[in-house]
Amino acid sequence: MKLPLIAKAFALELGFYLLLKLGMPLITSPLPSSVIFMYMTLVTISILLYVSIFEDDFGNFYIPIVDFIRGDDNESGLRKLSRIAVFILIPLFFGFRSYQSVLPNFNPPFPQRVIHPAPPGSAAGFTNPFGDDEANHEQYIEEGREVFYKNCVFCHGDKLDGKGFFAHALNVKPANFADATTISMLMESFVFWRIKTGGIGLPEESTPWDSAMPRWELILSEEERWKVIMFLYDYTGWKPRTWELEGDE
Amino acid sequence: MIIRAGNQGLGNLKVMSKLFIKNDIQSLFLLVFLFTILGGQPYLFADEEHEEVKTTAQPDSETLPNDDLAAGEMIYKKRCISCHGDEGDGDGPAADRFQPKPRSFKKAEFKYRTTPRNSLPTDDDLFRVISNGLPGTGMPDWADVLTKKQRRQVIKYIKTFSDKWEKQADRASALKIGEPVPTSEESIERGKKKFTALGCTLCHGAEGRGDGPTSLVLRNHRGDSVYPRNLNKNWLFRGGGEAKDIYTRINTGINGTPMPSFADKLNNEESWDVANYVRSLSPTPNPERGSLIKPLSIEEGIPTDPEDPLWDQAPSSWFPMMGQISFEERLFTPTVTDITVKSLYNDKEIGFKLIWDDRSSSKASKPSAKKKIYTDQVAIQFPEKLQPGGVKKPYFIMGDEKLGVNLWNWQSDGNQVFETTANGILNGEVKKSESNVKGSGRFKNGQYQVVMKRSLQTSDKEKDIQFEIGSFYPIAFFAMDGTNGEVASKRSITPWYFVLMEPETPKSVYILPPVVIIFVFGVEFVLVKLLKKNKKASSSS
């Protein structure tokens, strides 16, 4: 069966919309409406491009539209009915959209939060005093483990996945050390600074007022803080980022 | 008019695609597909919600020995030792700061089983606890980190801590669950009667909030204080919150605690009735964390009585709470797990009703008392001032040196309301000499209901938040259970949320859409007229 070009174009447009709206959530999480709109614009533009490349095709495409709008004195009842329906639906659609746009929409002030901010100058130059002591390495990790399970486990969790006992109550979720985007891409001195000064020590772009990360310099000794860092890397198997590695990249 | 030359390139593309695909619609699809893939690709990966979690850089499976027991030991030493201890007696470094305490595998007293009271659990019971964790405790769900085989291996290993496992006498098979009785008003009603008749209310309380007359004096086999479960929060039931789980608990009891088994007192139907009743005490679905509190606009004055029916009309927001563990002294074992908030406003005042569960209404003990008890308290926290742009806020735990907070407090001792300000928890709270906040509280069957209200504007523009309709105000909550030793920095906390009094819908909302409809219709009308005229002109010529 040979469908008219306009029917094909319409079917394609609708098919893409349904695919994005209903099909994508089956594979990944639902797409935001702005992304769907962007895709549909691309689809529409490409359809219009396609139909307008050759004059003949374009005629096939737009003459039925013009005929439909114009109507005919001796047209069938169904055709007349659908024409009236379209003429009523289009203004209603625009009316509804304008209603949506003028309806007040309240969104709380929402900062774009920087997760790993540029550390202040004071954060540089921390070096692990136990880093070179190979003989007692295991002992330090063991002590770090104790520090973690007495202090950090409540938020960062038994599995170091940021899903501790208290994590569900927080807005800024505790860091997931098992994830490849946290301690594995940070330098030890940065991690040390974050632990030392805590959430409240963050710069403003990282919304310090929302972070429950304690300022551990008030609670833990410097040695305890280094040992817990050694434990974090040991448990997860990640390696801290270093200057040498940066040079390789 | 179409310019053919300008489209030559695209025309070629079309011809090319037609070489492969004869069908018009298919080549059209291909073109559209290519366009969208090229154009929209970056956006496909922009979804921040969908994060891929890699649990660790080195999976255990790569480093584990083949022998099950040896593998189990290695898993135990990495994953379990910090709570359950080297020797399996439940005294790892974390043990002191968790309530309930980690299990002792040496004593082999397991709480959540499908086997009769005082017997050992089945392997499947242990497997279930390791896989799903125990909600409301420090025991996490290990299913995403340990494979099924690894979970079996670790079970094998934890059995080596006690010789009880070798004695046949302590072994038992799983309870058989009889034909289910679906939940219904009748079943729930029968269950409620049984619940009272069996004396469940002595510990679990008249409305099941774990506040019965014995609730504060119960002890477990170690001599530690234990609380009866609050049956109104089934998401915190360790062994699962559905009727089938409750049925199992009723018929197996909880070893090492005062919770008996009712297996010899209840038949199958009665067990289901009680289970259905207990399940009905918790909301379905379970509450979800709120983010924005929208007070309801009313004409009347804001009632200070928390039981005033006007409060029933206000929508509820639910917020989970955590212990304050950012500053000394820290609270690792809070008893207040969540708080429900309702709010009302009129043109002069705004009021909040706070609802939370507490096993007892406590009065501060005398300074000479052996066990210190403090008054129960609740507080609503606001910034002293709204910052420009509304993004910047004081630190969520009682502010910081630069930005202060204003707290509306209520305490059970004397049913008092007072206002404080703070610039950081370490600097302490300062009681305001003059307070505009009014309110009162009630305690009934293990639940507090407290109302606090204030005029929208006050004379103290420096220390009091000034409310205006249509603005977002940061808001946070604190609660203290005095019986649990909570005072000063030892408190349950929430992060910042927002409260917004929504302004009335502007008139333009009802004017613009009809104008647009008429305009678009007019355009359509003109278009049709023009097209018809064109046709006549072309056909007559």
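The values are calculated or read from the model by the stated rules, or taken from the named source; none is laboratory data. Just so you know, these numbers come straight off a predicted model, no measurement behind them. Cβ atoms come from the backbone with ideal geometry, glycine included; neighbour counts cover every protein chain shown. Surface areas here come from the heavy atoms of the whole protein model, side chains and all, with no ligands, DNA or RNA. Shrake-Rupley method; radii C 1.70, N 1.55, O 1.52, S 1.80 Å.
Values computed for the structure shown
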read-out	value
A:ASP132, B:ASP68, reordered so the largest accessible area comes first (probe 1.4 Å)	A:ASP132, B:ASP68
Table column - 3J(HN,Hα) (Hz), segment B:76-83, Karplus curve with 6.51, -1.76, 1.60, x for Gly and Pro	4, 5, 7, 9, 10, 4, 5, 9
Nearest-ten-degree value, helix B:8-20 long axis tilted from longest Cα axis of chain B	60
B:ALA143 versus B:LYS167: modelled label distance in nm, points set 7 Å from Cα along the beta carbon direction	3.4
Where trypsin sites (Lys or Arg not before Pro) fall in DSSP loop in segment B:495-541, at most 15 other Cβ within 10 Å	B:LYS507
Alpha carbon centroid spacing (whole Å) that separates segment A:185-223 from segment B:145-199	44
Chain B, relative contact order [Cα under 8 Å, separation at least 6], %	11
List B:MET321, A:MET24, ordered by accessible area with a 1.4 Å probe, largest first	A:MET24, B:MET321
Cα radius of gyration and Dmax for segment B:66-170 (Å)	12.9, 36
Between helix B:243-252 and chain B: long-axis angle, C-alpha atoms, 0 to 90°, nearest 10	10
Spread of Cα-to-Cα distances over 10 Å intervals beginning at zero, given as percent, for segment A:121-248	13, 45, 35, 7, 0
With DNA, RNA and ligands ignored, accessible area of B:SER162 (1.4 Å probe; Å², nearest 10)	10
Segment B:339-428: radius of gyration and largest Cα-Cα distance (Dmax), Å	16.0, 51
Per-residue average of Cβ from other chains inside 10 Å of A:93-99	6
Span-rule helices in chain A, defined as complete DSSP H runs reaching 18 Å or more along the axis (Cα) with Kyte mean at least 0.5	A:5-18, A:33-52, A:77-102
Ellipsoid semi-axes in whole angstrom, largest first, where each is sqrt(5λ) of the Cα gyration tensor of segment B:123-171	22, 13, 9
Accessible heavy-atom area order of A:GLU146, B:GLU524, A:GLU134, highest first, probe of 1.4 Å	A:GLU134, A:GLU146, B:GLU524
Cα gyration tensor shape for segment A:166-226, rounded if a/c is under 1.5, else prolate or oblate	rounded
Tail beyond 17 Å, pair distance distribution of segment B:148-240 (Cα, percent)	72
Shielding by partners - mean other protein chain Cβ count within 10 Å, residues of A:166-174	5
Per DSSP, loop trypsin sites (Lys or Arg not before Pro) in segment B:98-139 with at most 11 further Cβ within 10 Å	none
Expected-Rg normalisation [2.2 N^0.38 Å, Cα atoms] applied to segment A:16-73	1.57
Exposure of B:HIS221 as accessible area (Å², to 10), given a probe of 1.4 Å and all protein chains	80
Dimensions (Å) - chain B, Cα atoms, principal axes, largest first	107, 72, 54
Spread of Cα-to-Cα distances over 5 Å intervals beginning at zero, given as percent, for segment A:1-108	2, 9, 12, 15, 19, 17, 12, 7, 3, 2, 0, 0
Overall Cα dimensions of segment B:185-280 - principal axes, largest extent first, Å	39, 25, 22
For B:LEU296, distant residues with modelled amide H under 5 Å away	B:SER343, B:LEU344, B:TYR345
Average accessible area per residue (Å²) across segment B:172-283 - probe 1.4 Å, nucleic acids and ligands excluded	47
Rg/Rg_ref, segment A:52-119, where Rg_ref = 2.2 N^0.38 Å and atoms are Cα	2.15
Accessible carbon and sulfur surface of segment B:496-538 relative to its total accessible area, %, 1.4 Å	74
Angle between chain B longest axis and helix B:148-158 axis [Cα atoms, degrees, rounded to 10]	20
Selection from B:TRP165, A:GLY23, A:PHE165 lying farthest towards where the dipole of the protein assembly as shown points positive, charges on Cβ	A:GLY23
For chain A, the spread of Cα positions along each principal axis, largest first, Å	97, 43, 33
Area accessible to solvent at B:VAL509, 1.4 Å probe radius, in Å²	0
Of B:LYS370/B:LYS402; B:LYS294/B:LYS507; A:LYS227/B:LYS392, pairs whose Cα-Cα distance is over 31 Å	B:LYS370/B:LYS402; A:LYS227/B:LYS392
Sparse-neighbourhood loop sites, chymotrypsin sites (Phe, Trp or Tyr not before Pro) in segment B:475-541 - DSSP loop, at most 10 other Cβ within 10 angstrom	none
Compactness relative to 2.2 N^0.38 Å, alpha carbon Rg of the protein assembly as shown	1.19
Shielding by partners - mean other protein chain Cβ count within 10 Å, residues of A:144-156	5
Residues of segment B:496-514 with amide N under 20 Å of a point placed 7 Å along Cα→Cβ from A:PHE106	B:496-510
